[in-house]
Amino acid sequence: MSSKFAVAFAAGMMACGAMAEESEAQSGWAYNPGEGLSYDENPIMSAEFGLSFDSKYMTYGTVDGPDPILTPSASVTFFDWVYFGVEAIYDVTKGNGKRGGYGNRAGKWTTLDNIVGLAHEFELDDDGHTLSVDFNYIYEYLRRYHSDMGDTQYLNLELGLGGYIVEPTLSIERDLMADDGTYVNVSLAHTFDIIGEGDEAELTLTPSIAQGFGNTQRVRGYLIQDNGEALDHGGIMDTTLQLDLEYKLCDNVTLGAYVAYSDYWFDSNMREGARGHNAEWGNGGKYDRSWNVYGGLSVTVAF
């Protein structure tokens, strides 16, 4: 495991001990680990720090880097509505950069996302059913290589229903700068409580299935035909089956692990395009396929 991930895990353990007690001052101010600062039970500010380790760099069910990546992130939320965040991708080895044409960046960041958004969870009834809404803007800065500029901007909308036996999520991504592409993903998930129950569950297992759709611009910017030309039609893209395991170490520290399988099941042209995209990584035909199996680990600390 990466030394950076091990350090983050240790920091999470320390955070559990350091923040086990909730504090409350006079005049209605209060702090609860994992929930942040509030006044008269109205949320004022909260923060979250995370670090994830992925065995491959995956986008739209295709390989953007066959070697592992680390993704540190941080965000701060005000009044349970407005948030600001930052997220970076680090190459763990030199393979992604050398084969991807941007040099050896082992241990160096390659992508930096600056995020501002509106997010809130609405209670739909007294039975615990909720609607979560997240609308955000991202400026994605790509580290320069030979003065090449590959920056882009995104608008994202995510809607999710919680508290149901099957919880659906709709995600819409709009690329404003690189290729004017639109990507839509619909997922269905169910969470099993392994240790504990409901909000008090310590260990959970969540299987999910997700289906992606892309317009012509999104597909053209990503999938490659056998003749080397970009695939030029939109439609049904990647299907992903995933298992997520989460362990709540304490009120404000969560450990996660996942394993996933992605493929292009429903369109032979899309499947050919995914093979073409993956095959660009070479390695003796190892990636000359439309499917991928990958996984990862994560630690999240909420304040």
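The values are calculated or read from the model by the stated rules, or taken from the named source; none is laboratory data. These figures come from a predicted structure and were not determined experimentally. When we count neighbours, we look across all protein chains shown, and the Cβ atoms used for this are built from the backbone with ideal geometry, even at glycine. Only protein heavy atoms, including side chains, enter the accessible area calculation; ligands, DNA and RNA are left aside. Shrake-Rupley method; radii C 1.70, N 1.55, O 1.52, S 1.80 Å.
Some notes on this structure:
- Flag for Glu48 being at pLDDT 95 or above, of a type in the set (D, E, K, R), touching a strand residue (DSSP E or B) at 6+ places or on another chain (Cβ under 8 Å) and open to solvent by 70 Å² or more (accessible area, probe 1.4 Å): yes
- Filtered residues of the range 271-303 (kept if among the charged types (D, E, K, R) and surrounded by 20 or more Cβ atoms within 10 Å (Cβ to Cβ)): Arg275
- The one condition from (1) open to solvent by 30 Å² or more (accessible area, probe 1.4 Å); (2) on the phi > 0 side of the Ramachandran plot that Gly235 does not meet is (1).
- Each residue in the range 179-191 was checked for being open to solvent by 70 Å² or more (accessible area, probe 1.4 Å) and at pLDDT below 95, and 0 pass.
- Selection of first residues in the range 57-83 that are under 21 Å from Trp109 (Cα atoms) and of second residues that are part of a loop (DSSP other than H, G, I, E, B) and aliphatic (A, V, I, L, M), restricted to Cβ pairs under 8 Å at least 6 apart or on distinct chains, gives the following pairs, ordered by first then second residue: Thr62/Leu223; Asp67/Val92; Pro68/Val92; Ile69/Val92; Leu70/Val92.
- Which listed residue, of Met58, Met14, Met1, is of a type in the set (A, V, I, L, M), at pLDDT below 90 and under 23 Å from Ala260 (Cβ atoms): Met1
- Failed item, numbered, when Tyr222 is tested on (1) at pLDDT 95 or above; (2) in contact with a helix residue (DSSP H, G or I) (Cβ under 8 Å, 6 or more places away or on another chain); (3) surrounded by 16 or more Cβ atoms within 10 Å (Cβ to Cβ): (1)
- Residue in the range 114-131 that is of a type outside the set (Asp, Glu), modelled with pLDDT under 95, farther than 18 Å from Asn185 by Cβ and open to solvent by 60 Å² or more (accessible area, probe 1.4 Å) present: no
- Neighbours by Cβ (under 6 Å, 6+ apart or cross-chain): first from the range 136-147, among the hydrophobic types (A, V, I, L, M, F, W, C); second open to solvent by 80 Å² or more (accessible area, probe 1.4 Å): none
- Any hit, the range 94-103, residues being touching a helix residue (DSSP H, G or I) at 6+ places or on another chain (Cβ under 6 Å) and surrounded by fewer than 17 Cβ atoms within 10 Å (Cβ to Cβ): yes
- Of everything in the range 192-219 that is in a strand (DSSP E or B) and not hydrophobic (A, V, I, L, M, F, W, C), the residue that is most open to solvent (accessible area, probe 1.4 Å) is Asp193.
- Taken over the range 255-270, the criterion of being part of a strand (DSSP E or B) and surrounded by fewer than 21 Cβ atoms within 10 Å (Cβ to Cβ) is satisfied by Leu255, Gly256, Ala257, Tyr258, Val259, Tyr261, Asp263.
- Within the range 140-155, the set of residues being over 17 Å from Ser171 (Cα atoms) and open to solvent by less than 70 Å² (accessible area, probe 1.4 Å) comprises Glu140, Leu142, Gly150, Asp151, Thr152.
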